[in-house]
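Notes follow the structure.
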Amino acid sequence: MDNNEFIEQDDVQENEQEVEVNSLLTRRLVAGILIGFLCSMFVCSAVGLFLVSNMFGYGKDNSGILTEETAKKIKKLEAVIDSNYYKTEIDKEKETDGLYKGLLDSLGDPYSVYYTEEELNDLMTDTAGVYYGIGAYVGVDQTMNYPRISGIIPGSPAEAAGLLPEDIIYEVDKESTQGLELEDVVSMIKGEKGTSVHLTLLRGSDAEEIEVDVIRDAVEVPTVTTKVMDDGIGYLQITEFDDVTPDQFIEGMAELRESNIKGLIIDLRSNPGGSLQAVCEIARQLLPQGTIVYTVDRDGNREDYTCDGEHEIDIPVVVLVNKYSASASEILSGALKDYNKAKLVGTTTYGKGIVQRIFDLKDGTAIKLTVSSYFTPNGVNIHGVGIEPDVEVEFDADAYSEDKTDNQLNKAVEVIKQEMD
């Protein structure tokens, strides 16, 4: 869960951009068309020494880590690399990035990292929940070793162009995709709004070859899905907390309310988190007046995020959680549990109760640093512990694989019917 990160979201005017990053475990767009590729190098170069010393205020007074001794050692390392490394062409920019990344890596905190300009742009796009691409989910066809479309986002350019699930992406702009890594296929397909990408697809059991041009556009990724179950039970799943999620949640709840639901199941299983702002906006549609969550920094400074209680939910609620429900998911489920507004069903959550902040370095790059801990309304810090469900139910993967039986959801229905009686 190294990428399972909770980051405050606030003003960007103060040199601090604050966003929430999502986990690899539940990016339902697994290696999809809209995912950016983050790469890192772990070598050092003296080229970046002056920049780092200026950035952090270290210098000749030997007051920081960049003493004359360390400067000399970095130069020696660079000299050894330049003289002996088996490749003659060395990317000095990547070496410099490696120096910066190494500084953050030395903290031993998987949530504190350095972002290159490209990585930062990918991060900000990912958090917004709006992407420029074609709007298709992509996996790998293990038999043919080609990328395969696994799903289409409604209203996307892919849908408009007639792409279908199970289509094999045979070529992109007449270049073969066989054996390519998914991130390479992604980079070939994504691009600026209004530009076109030409796809050669193989469709059906007879592998009919289809040529199609798809115009790239902004795609809003659906993070909320709803349905009405038997006995007036509403089901609402949140896959992650992006900037677009609160509006999708409000719209989904309105649709469920129109169906006169008598109880609500909120599914947060395998939800890695999202922005603080997004989860608080959603919590304000459910909780009574009071604190949603609060943070405490190393100096003991406390900041509360509150709810006015104007939209407190008036029907029974059950929340489904598992060991991959993390960060912002734990904020919502923890608050609902503390206020006795919901029963939790499933397994103990991941347990990420620390906060990261992104500091903009004003050169297109940034660092993300853990700056505080967060607490549920009852003052519980769940970091490394997680939140225990009221009703513990292990997921039966065999049953689901056999006939799609979801035993955890079935238990949630059972619990909410008891609450509705």
Are any of the residues in the range 412-421 more than 24 Å from Tyr111 (Cα to Cα), buried (at least 18 other Cβ atoms within 10 Å of the Cβ) and out of contact with any Leu (no Cβ under 9 Å at 6 or more places or on another chain)? yes
I'm checking my understanding of the structure. Among residues of the range 175-221 that are more than 26 Å from Glu118 (Cα to Cα) and among the charged types (D, E, K, R), which one is farthest from the chain's Cα centre (by Cα)? Asp206
Residues of the range 383-411 being among the aliphatic types (A, V, I, L, M) and at pLDDT 95 or above, which ones? Val385, Ile387, Val391, Val393, Leu409
Select from the range 65-100 the residues that are among the hydroxyl-bearing types (Ser, Thr, Tyr) and within 20 Å of Val113 (Cα to Cα) and list them in ascending order. Thr96, Tyr100
Pick from Glu89, Glu118: which is among the charged types (D, E, K, R), modelled with pLDDT under 90 and closer than 30 Å to Lys193 by Cβ? Glu118
Mind checking whether some residue in the range 286-294 is within 22 Å of Gly346 (Cβ to Cβ), of a type in the set (A, V, I, L, M) and not in a strand (DSSP E or B)? yes
Checking the conditions here, which among Lys341, Lys337, Lys323, Lys352 is open to solvent by less than 20 Å² (accessible area, probe 1.4 Å) and among the basic types (Lys, Arg)? Lys352
In the range 217-258, what count of residues is obtained for those that are open to solvent by 20 Å² or more (accessible area, probe 1.4 Å), in a loop (DSSP other than H, G, I, E, B) and either modelled with pLDDT of 95 or more or acidic (Asp, Glu) (or both)? 1
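Does Glu175 satisfy the condition of being more than 10 Å from Pro147 (Cβ to Cβ) and touching a residue at least 24 places away in the same chain (Cβ under 8 Å)?
So Glu175 does not fit the description; no.
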As an exercise: evaluate Lys368 against (1) open to solvent by 60 Å² or more (accessible area, probe 1.4 Å); (2) modelled with pLDDT under 95 and give the number of the one condition it does not meet. (1)
Which of the numbered conditions does Ser270 fail, given that it passes all the others? Conditions: (1) open to solvent by less than 50 Å² (accessible area, probe 1.4 Å); (2) farther than 25 Å from Leu123 by Cα; (3) of a type in the set (S, T, N, Q). (2)
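The values are calculated or read from the model by the stated rules, or taken from the named source; none is laboratory data. Note that this is a predicted model, so its numbers are computed, not measured. As a convention, Cβ positions derive from the backbone with ideal geometry for all residues, glycine included, and neighbour counts pool all protein chains shown. Ligands, DNA and RNA are stripped out before the accessible areas are found, and what is left, the full protein with its side chains, is counted by its heavy atoms. Shrake-Rupley method; radii C 1.70, N 1.55, O 1.52, S 1.80 Å.
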